[in-house]
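Novice: I have a structure I would like to understand better, so I am pasting it below and will then ask my questions one at a time.
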Number of protein chains: 2
Amino acid sequence: MTSIATRLIPTWLRQYQLAALPTDVIAGLVVGVLVIPQSLGYAVLAGLPPVYGLYAAIVPVIVYAWLGSSNVQAVGPVAITAIMTASSLLPYAEQGTEQYALMASLLALMVGSLLWIAGRLKLGWIMQFISRGVSAGFVSGAAVLIFISQLKYLTDIPIAGSSLIGYLSTMQLYARQLHPLTLLIGVIAFALLVANRYGSKWVWRTWLSSSSAKWAERLFPLILLGIAILLSMALHWDARGVATIGNIPQGLPRFTLPHIPDIQEALKLLPTAGLMALIIFVSSSSVASTYARLRGEKFDANRELTGLGLANLSGGFFQSFAVAGGFSRTAINVDSGAKTPLASLMTVLVMIAALIAFNSALAPLPYALLGATIMASIIGLIDIATLKSAWQRDRLDGASFIAAFVGVLIFGLNTGLVIGLMVSFASLIWQSSQPHVAIVGQLAGTGHFRNINRHDVVTFHNLLMLRIDESLFFGNSESVHRRILNALQQYPEAHELILIMAAVNHIDLTAQEMLSTLNQELALQNKHLHFSFIKGPVMDVIEHTPLIAELSGQVYLSTMDAVNALKQI
Amino acid sequence: MTSIATRLIPTWLRQYQLAALPTDVIAGLVVGVLVIPQSLGYAVLAGLPPVYGLYAAIVPVIVYAWLGSSNVQAVGPVAITAIMTASSLLPYAEQGTEQYALMASLLALMVGSLLWIAGRLKLGWIMQFISRGVSAGFVSGAAVLIFISQLKYLTDIPIAGSSLIGYLSTMQLYARQLHPLTLLIGVIAFALLVANRYGSKWVWRTWLSSSSAKWAERLFPLILLGIAILLSMALHWDARGVATIGNIPQGLPRFTLPHIPDIQEALKLLPTAGLMALIIFVSSSSVASTYARLRGEKFDANRELTGLGLANLSGGFFQSFAVAGGFSRTAINVDSGAKTPLASLMTVLVMIAALIAFNSALAPLPYALLGATIMASIIGLIDIATLKSAWQRDRLDGASFIAAFVGVLIFGLNTGLVIGLMVSFASLIWQSSQPHVAIVGQLAGTGHFRNINRHDVVTFHNLLMLRIDESLFFGNSESVHRRILNALQQYPEAHELILIMAAVNHIDLTAQEMLSTLNQELALQNKHLHFSFIKGPVMDVIEHTPLIAELSGQVYLSTMDAVNALKQI
């Protein structure tokens, strides 16, 4: 008997072992403190006031801890969902307005609903929809866009748009508005963060042990943030024209009913929400399944869909924008010793503390520092290594990478992703568009039939036997049709065509219509179409269709039966 | 030696047989006269003045006659390209302006360039990209949109938008502006045209022979057009507030250099142009290849791409909008006896005559009649029969039909088409996402290895042998990975894993990375990964990659070799 309590309390909590408590608490606090600068920055990247980054790390995180598939994945605002939010909302609302924040939550709610529905429909296999090349190309293109978009906080130039050309053209317009002090702060912060990240081998490891160096590297952005706040207060950067984030409103995110502006606009957001849901699912699953394998746990894609779905859905009611599992925050969580989702709940406590007690402390922080933080962390997402290996190891996937990457830069995020997907599907279809179709003959005295080009076989002048070596679908039915017609031209005397279907596992509508057309064409020439060895599942599909009802010939169980019935000697 | 003349003059013209001349001339004239009402109407549907329909039937038709792949296909303005033009240009220019007409030609030029480039790259196989369900669903959805969009000419309500909801919301706004006489003309014309088309069995065949009835049916729209012009003159419809097409400017289309408004807008049109090129190619190829088969000719998809490409490209310089091969005009052409593209050149003469001599005669024609003509002819494109058969014969293709159809109605043409394509690819991936992975053992005393569940085979406690029965790609590598890990859990004692790769024909980057990850995971557990029977083309791909370089085990030529080297008894 499952009591309501049992159903409401997640397994990890019911089976919680107190031994895990200290490390869970420490890990959660560490993640919470370390991701504050990022969270503020991603909200800004999404076109929202910084405080929304903290909001997005509260309700969705609690819901994911309760219902998610992974014990250690840390969800929250991430770079890709932030920039997708900004580019999706560009046509509908102006950044910084109340209306915009409501639309961002509506988008999270739509994304969450789609993910949840996908989970209920058990569409976990959709994860396999995006090839390595497409996802790496998309993320790299998005990273370049993010990098450039952040330049506005270093230069004070209002860069806007949804593609590289949009950015570059606005940059040109305002190029004389540079604010020297802001630029100086941004450039120094960026240089220090990059040195910390990519030079940590030389910088920290000369003084520290390997594991201390790792923590020094991780803590450095937070220390820099503290220094920047102190400097900003001491030197009155605000008064000197440096944009600072200003007072963060005190208090927790409020419950807000979704605001649907007009049904047509909401519908137009839906395809965008679909693409965001796909990206959120694919990237979060990749994090969650990696750590599940490392920890010897099972990864359940459908539960991940449900967890992410309800996290975003509920977030949409509490001023959150779309969230996903983050690779870096999950890595910190695991390295700090997290064992269960309790760590994530600790992270939430840190966010709540920041919102209630430290909100005014953050006011002097310059936007330039947030921009530099994002720019330094985003460089790692530009994945030249995957492009290189794709190009060496699988040209077609390399082409998908380039299509997604260039597509994102030129046409923006959504169109770029769709272009990348199209190229990856096109290459898939191209690979199976030319299946092997062999003319076969009988191995004398046996019931075996083999390719006439490779074996010494018996043929019959009135019979043409073709073996089709692939499932038939829209991607190859036209070329199979052409091959069959060519073979018939080669053997004009053959009036009985036998298609050996032993290797055909599926047959779709396009292929069925192709075979129907073939049947009619043969009938006009007074020839007959026969099948042999149709597999059970294929026969189930075509049994009651016109293809079989109007077939000019017969369906035979084996090729031997067909030959015995039809051969003329 | 190929002289320049030989290269410039197409084969059909060099080998022209005078015997074909009479029927070619007659067919061309018949098609020309019959398609005038449609051509005017499609231009209006595309958002252009009616005369552009005649322009679009001149230069592209000449170029296609010269370079196209089909001897009998009649190209020209068609319903789908017209509505795609209108919906693509909606955000960029206002219908009826000079700017709009220039953008429409620019779009034709872009579509033509893409088709031509695809032809040079020999991408003819792309035709197989769209399944029967997706194309039928897309065309049906477009037909519904076209039908509703034409209501504006019957009601005088300015319906605009790019999706059903857009149409319905503008209709609602203006619902009181009905013009009774216009509505009466439109409804009567529509009723007569529908009766003519779908009632011809009862109407014409009671008096006429079957072939005369066919011609009566085809001529009827033209006769109705003539009657409408006469009535309009006699009853001064113009003065009574019925919108008429007015004077058609005299003269041929002019040479116009493409007008590129701004590089960002032109780039935004490019993905739309890509989708239009795909649709034009797929629908024209379907017409051309059907007639090529009926006439015993070969269909060359790459030449069709080049021909369509240059037809649209050159049309873009002569005030044309995008054209494609049309099913109904090709059928009339063939039925009237056309044998060569000379017939199409005759069609062009008719258009030129209409532009020079009869331009003022068309002035009194009411728009309502053009709207009714299009509405009556578009009904046939709503393809419920295909949906039915798809649903009965291939659920997944039925789902693609519905996705494309509903997508077009709700989100507009481009997004709807992309959604339909995504669903059809998703179903493809779903089908191959769960490949067969069998645990095998040795048939005692032989070198054969078979499924342990089906055969009585010998196994070795330290060996796990898995046969993968499908090519590995992004669509199934995650599930193959999971199956392999499950099998390893089932046999914890097996420290040597042998993957039998005999059925793996391709391996993409995603799958290579999956196997690399597997190799590392096994190494952590002190287990080794081995391969046997890697096919030549697969080995060529992975030979110099980290997968082989860092492999913890060995690559064996045969499974027997692997077993002999590794077994512990």
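The values are calculated or read from the model by the stated rules, or taken from the named source; none is laboratory data. Everything numeric in this text was worked out from a predicted model, so none of it was measured. Using ideal geometry, Cβ is built from the backbone for each residue, glycine included, and neighbour counts are taken over all protein chains shown. Remember, those area values only see protein heavy atoms, side chains included, never the ligands or the DNA or RNA. Shrake-Rupley method; radii C 1.70, N 1.55, O 1.52, S 1.80 Å.
Novice: Which residues, counting only those in segment B:459-489, are within 14 Å of another protein chain (Cβ to nearest Cβ) and polar (S, T, N, Q)? Steps first, please.
Specialist: Of segment B:459-489, the ones within 14 Å of another protein chain (Cβ to nearest Cβ) are B:469-486, B:488-489.
Residues satisfying the conditions are B:SER471, B:ASN476, B:SER477, B:SER479, B:ASN486, B:GLN489.
Novice: Here is a further query. Could we say that B:TRP202 is assigned to a helix (DSSP H, G or I), at negative phi, more than 33 Å from the chain's Cα centre (by Cα) and loosely packed, with under 12 Cβ neighbours inside 10 Å here?
Specialist: So B:TRP202 passes the test.
Novice: Scan segment A:528-569 residue by residue and report those that are within 14 Å of chain B (Cβ to nearest Cβ) and over 45 Å from the mean Cα position of the chain (by Cα).
Specialist: Matches in segment A:528-569: A:GLU550 only.
Novice: Let me ask another. When you scan segment B:1-14, how many residues do you find that are part of a helix (DSSP H, G or I) and of a type in the set (Gly, Ala, Ser)?
Specialist: 1
Novice: Say whether the condition of being modelled with pLDDT of 85 or more and among the polar types (S, T, N, Q) is met by at least one residue in segment B:163-170.
Specialist: Within segment B:163-170 (the criterion being modelled with pLDDT of 85 or more and among the polar types (S, T, N, Q)), the answer is no, since none of the residues qualifies.
Novice: Which ranges mark the helices (runs of 4 or more DSSP H) fully within segment A:246-340 that have 1 or more residues being surrounded by 17 or more Cβ atoms within 10 Å (Cβ to Cβ) and within 14 Å of chain B (Cβ to nearest Cβ)? Before the answer, list the steps.
Specialist: Numbers: elements: A:263-294, A:301-316, A:327-335.
Of the helices (runs of 4 or more DSSP H) lying wholly inside segment A:246-340, those with at least 1 residues that are surrounded by 17 or more Cβ atoms within 10 Å (Cβ to Cβ) and within 14 Å of chain B (Cβ to nearest Cβ) span A:263-294, A:301-316.
Novice: I need the full set of residues from segment A:384-427 which are more than 28 Å from A:ALA86 (Cβ to Cβ) and open to solvent by 30 Å² or more (accessible area, probe 1.4 Å), in order please.
Specialist: Matches in segment A:384-427: A:LYS388, A:TRP391, A:GLN392, A:ARG395, A:LEU396, A:ALA399.
Novice: Return the residue satisfying two criteria in turn: it lies in segment B:428-442 and is at pLDDT 85 or above and open to solvent by 10 Å² or more (accessible area, probe 1.4 Å), and of such residues it is nearest to the other protein chains (Cβ to nearest Cβ).
Specialist: Applying the filter and picking the extreme gives B:VAL437.
Novice: Go through (1) within 14 Å of chain B (Cβ to nearest Cβ); (2) out of contact with any Gly (no Cβ under 7 Å at 6 or more places or on another chain) and name the single condition A:GLN128 misses.
Specialist: Single failed check for A:GLN128: (2).
Novice: Could you tell me which numbered condition B:GLY246 fails, if it satisfies all but one of (1) at pLDDT 90 or above; (2) over 26 Å from B:TYR64 (Cα atoms); (3) small (Gly, Ala, Ser)?
Specialist: Answer for B:GLY246: the failing condition is (1).
Novice: Please work out which one of (1) among the aliphatic types (A, V, I, L, M); (2) in contact with a Phe, Trp or Tyr (Cβ under 6 Å, 6 or more places away or on another chain); (3) at the interface with chain A (Cβ under 9 Å from one of its Cβ atoms) is the condition B:ILE410 fails and give its number.
Specialist: The one condition B:ILE410 does not meet is (2).
Novice: Another one. Mind counting the residues in segment B:521-569 that are of a type in the set (D, E, K, R), open to solvent by 80 Å² or more (accessible area, probe 1.4 Å) and at pLDDT 90 or above?
Specialist: 1
Novice: For segment A:213-245, name all the residues that are exposed (fewer than 13 other Cβ atoms within 10 Å of the Cβ) and under 34 Å from the mean Cα position of the chain (by Cα).
Specialist: Listed by number, the list holds a single entry, A:ILE223.
Novice: Moving on. Picking from B:SER424, B:SER377, which residue would you name as being within 11 Å of another protein chain (Cβ to nearest Cβ), in contact with a helix residue (DSSP H, G or I) (Cβ under 9 Å, 6 or more places away or on another chain) and of a type in the set (S, T, N, Q)?
Specialist: After applying the criteria, what remains is B:SER424.
Novice: Output the residue which, of all residues in segment B:471-520 that are more than 25 Å from B:SER558 (Cβ to Cβ) and β-branched (Val, Ile, Thr), is surrounded by the fewest Cβ atoms within 10 Å (Cβ to Cβ).
Specialist: B:THR517
Novice: Those residues that are touching an Asp or Glu at 6+ places or on another chain (Cβ under 9 Å) and either surrounded by fewer than 20 Cβ atoms within 10 Å (Cβ to Cβ) or farther than 19 Å from B:ILE402 by Cβ (or both), I need them from segment B:116-161; list them, please.
Specialist: Scanning segment B:116-161 gives B:GLY119, B:GLY124, B:TRP125, B:MET127, B:GLN128.
Novice: Considering only residues that are touching a Phe, Trp or Tyr at 6+ places or on another chain (Cβ under 8 Å) and either of a type in the set (A, V, I, L, M, F, W, C) or more than 10 Å from every other protein chain (Cβ to nearest Cβ) (or both), which ones fall in segment A:495-508? Walk me through how you get there before you give the answer.
Specialist: Going through segment A:495-508, the residues touching a Phe, Trp or Tyr at 6+ places or on another chain (Cβ under 8 Å) turn out to be A:498-502, A:506-508.
Across segment A:495-508, the qualifying residues are A:ILE498, A:LEU499, A:ILE500, A:MET501, A:ALA502, A:ILE507.
Novice: Of A:GLY47, A:GLY96, A:GLY124, which residue is modelled with pLDDT under 90 and at positive phi?
Specialist: A:GLY96
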